[in-house]
Amino acid sequence: MPQIAEPGVRNLGLTDQLFTDHTDIRPTILSLTQLKDDYTHDGRVLFEIINDNALPQPLRGHSQTLSDLAEAYKAINAPTGPLSLATLVGLSTPALAGDNATYAALEDKINDLTNRRNAIAADMIGILEGAEFQGQRIDENEAKTLTDQAAELLGSVGTVSR
């Protein structure tokens, strides 16, 4: 069966080079149709699959920084991303297997990770949404700092003492 080419979408075929989930569909379609609303998305525009001439101007010329930022965002915010899975295996499961004191201590650590994750993810989606839908310029240094913070957060899950 021949593939149907969608306007503005690169014909990459099947690829496993990009982690996506259902939360990315809405912002991607809105971007392709040049529509916007006041809803803050949990996902992001899949700009890697969109032709440069169909991208909002602020997304052009920052492909590596934005890809790194988006990948880090998904890693810490996706329900099946590395942070969620590491927290489930490394903290939540041992908390359930322990006594009341162990449970309380590990749940406190999960709450701390969640609060840190929420702050970083909110800043990340703010940059992505601002560029995608409000025409805001990308601050490369801020994006790189947030990407580093996400990596540090991911690394801290493996080093959380139990």
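Only the coordinates and a few stated rules stand behind these numbers; no lab work does. Just so it is clear, the structure is predicted and the values come from calculations on it, not from any experiment. Counting neighbours? That spans all protein chains shown, and the Cβs are built from the backbone with ideal geometry, glycine included.
Structure above, values below:
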item	result
Angle between the chain longest axis and helix 63-77 axis [Cα atoms, degrees, rounded to 10]	40
Proximal lysines to Lys109, defined as alpha-carbon separation beneath 24 angstrom and excluding residues fewer than eight positions away on the same chain	Lys74
Tilt relative to the chain, helix 100-133 - C-alpha long axis, 0 to 90 degrees, to 10	10
Per-residue ³J(HN,Hα) for the range 15-20, Karplus 6.51 cos²θ - 1.76 cosθ + 1.60, θ = phi - 60°, Hz, x for Gly and Pro	9, 10, 7, 9, 7, 9
Qualifying aspartates and glutamates (Cα of each under 12 Å from Cα of Lys36; at least 8 residues distant if same chain)	Glu129, Glu132
For the range 59-159, size of Cβ-based charge dipole, Lys and Arg +1, Asp and Glu -1, in debye	160
Karplus (6.51, -1.76, 1.60) ³J(HN,Hα), θ = phi - 60°, over the range 29-44, in Hz, Gly and Pro reported as x	5, 4, 5, 4, 8, 6, 10, 8, 9, 9, 7, 7, 7, 7, x, 9
